[in-house]
Amino acid sequence: MILQPIMTMKSMITAFTILTVLSSCSSSKKYTDINAIGSQNTSYVFTLSRSSDDVRIVKKGPSVSATRDPSNREVFENSINQIAKDNNIKIEFSNAAINFHDDQVQVKSEIISAKWIFTATSATMLTEMKYTVNDKNYLITGMFKNWSGGEKAKILFKSITDANYKMLEQLAKNNNTIQ
């Protein structure tokens, strides 16, 4: 008689372990070879509009946390710095307008919106970004999906990083310059 409750407990522990493993999984993306843009002597300077500081994360669906929104500027800067660290390309973040040299391309960036969508089985952060290079606009949505919630700053960082990589892919597709 005691054996049956032990089996039930064992089944519950197994189910809990499986759910824990699944909840720690998240989406990962492969990006095209953005290092191709690093083959030239051009450097890319990303700036972020002041209006981006005021964009708040909008939650949709059932969630349990009610934490403060992170600093969009800090998250964006950290994203650019991480991409520079992880790749062989010359990119940097500038918090202020600078005098650009001939070997620098300014990538003006703006966070349009940030939505965190919760469902019964996942949480997805969508960050709509507008990039402007040489008077040409690019609307790009960064996305990060995982099986649970997470810390706002980390999830926003991954979503913005996805958008920044997609913008760098645009630069790579256009042979290092955007006309």
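None of the figures in this text is laboratory data; all of them are computed from the coordinates on show. It should be emphasised that the depicted structure is a prediction, and the values quoted were computed from it without experimental measurement. Ideal geometry is used to build each Cβ from the backbone, glycine not excepted, and the neighbour counts take in all protein chains shown.
Multiplying the sequence separation of Lys154 and Asn88 by 0.36 nm and subtracting their Cα-Cα distance, what value in nm do you get?
Stretched out fully, the Lys154 to Asn88 stretch lengthens by 21.4 nm.
If packing is taken as the mean number of other Cβ atoms within 10 Å per residue, what is the order of 140-151, 98-109, highest first?
The most tightly packed comes first, giving 140-151, 98-109.
What distance in nm separates the two pseudo spin-label positions at Arg56 and Asn99, each 7 Å out from Cα along the beta-carbon direction?
Once both label points are built, they end up 4.2 nm from each other.
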